[in-house]
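**Student:** First the structure, which I've put down as structure tokens, then a few questions once you've had a look.
The values are calculated or read from the model by the stated rules, or taken from the named source; none is laboratory data. The structure displayed is predicted, hence computed values, not measured ones. Note that each Cβ is placed from the backbone with ideal geometry, even for glycine, and that neighbours are counted across all protein chains shown.
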Amino acid sequence: MIVAVLIFGAAILIYYKAVTNLSEQDEALLDDLLIDAKTISGSLMSMGYPYNWSKDNVVRIGISDDNRINETKLEQFSRIPYKDSRKLFGTIYDYYVFFRDRNNNIMPFNESLEGIGKPGVNSTNIQIIENPKKLVKVTRLVVKDLDIAKMVIYLWY
């Protein structure tokens, strides 16, 4: 009876230790996602490098000049291949960036492009298409088209 209780107790202890480790791993992954999302947000809110960069010579992607979205840089950002942009942002995670106006309506980049990021994804189908294990959202206030807008960044694993 004592041996059975010891084995049962050891099994319970191992189970709780494994569950606790999974939680710590999930928390670390979430922290990594949030750090990368904030880094991408900070990069986008910068002027980028070099100052008048294009998709061919960009070192750091930045689409803002004094917290105002520079439409030329935004257009250049939309032309950078997705895998290249992930490398430039320094992230291994998938991302999607788009804008919302004061009334929370999507502000498309152009006639055919709602946002920039992983191909096939948009602001409403990330959960369905990707089924992410972890998803973070960072929102920044910006000036776009002479009005206040929200830049929304989704990052997931």
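**Student:** Just to verify a result, which residue in region 28-53, among those that are modelled with pLDDT of 95 or more and not in a helix (DSSP H, G or I), is surrounded by the most Cβ atoms within 10 Å (Cβ to Cβ)?
**Tutor:** Once the filter is applied, the top-ranked residue is Gly48.
**Student:** Can you tell me which of (1) free of Cβ contacts under 8 Å to residues at least 24 places away in the same chain; (2) touching a strand residue (DSSP E or B) at 6+ places or on another chain (Cβ under 8 Å); (3) of a type in the set (S, T, N, Q) is the one Ser54 doesn't meet?
**Tutor:** (2)
**Student:** When you scan region 1-41, how many residues do you find that are within 15 Å of Phe77 (Cα to Cα) and either over 22 Å from the mean Cα position of the chain (by Cα) or without any contact (Cβ under 8 Å) to a residue 12 or more places away in the chain (or both)?
**Tutor:** Adding up the residues that qualify gives 0.
**Student:** Same structure again: One residue is enough: does region 103-122 have a residue meeting the conditions at pLDDT 95 or above, farther than 27 Å from Glu27 by Cβ and of a type in the set (Lys, Arg)?
**Tutor:** No, there is no match, as no residue in region 103-122 is at pLDDT 95 or above, farther than 27 Å from Glu27 by Cβ and of a type in the set (Lys, Arg).
**Student:** Go through region 61-70 and give me each residue that's touching a strand residue (DSSP E or B) at 6+ places or on another chain (Cβ under 7 Å) and either surrounded by fewer than 15 Cβ atoms within 10 Å (Cβ to Cβ) or aromatic (Phe, Trp, Tyr) (or both).
**Tutor:** Within region 61-70, Asn67, Arg68 meet the criteria.
**Student:** Would it be correct to say that Val97 is at pLDDT 95 or above and either surrounded by 13 or more Cβ atoms within 10 Å (Cβ to Cβ) or within 20 Å of Leu146 (Cβ to Cβ) (or both)?
**Tutor:** So Val97 fits the description; yes.
**Student:** So, in region 129-140, exactly how many residues are more than 24 Å from Asp101 (Cα to Cα) and either at pLDDT 95 or above or surrounded by fewer than 16 Cβ atoms within 10 Å (Cβ to Cβ) (or both)?
**Tutor:** Qualifying residue count, region 129-140: 4.
**Student:** OK, next. For region 3-27, enumerate the residues that are at pLDDT 85 or above and of a type in the set (Lys, Arg).
**Tutor:** If the condition is that a residue be at pLDDT 85 or above and of a type in the set (Lys, Arg), then no residue fits.
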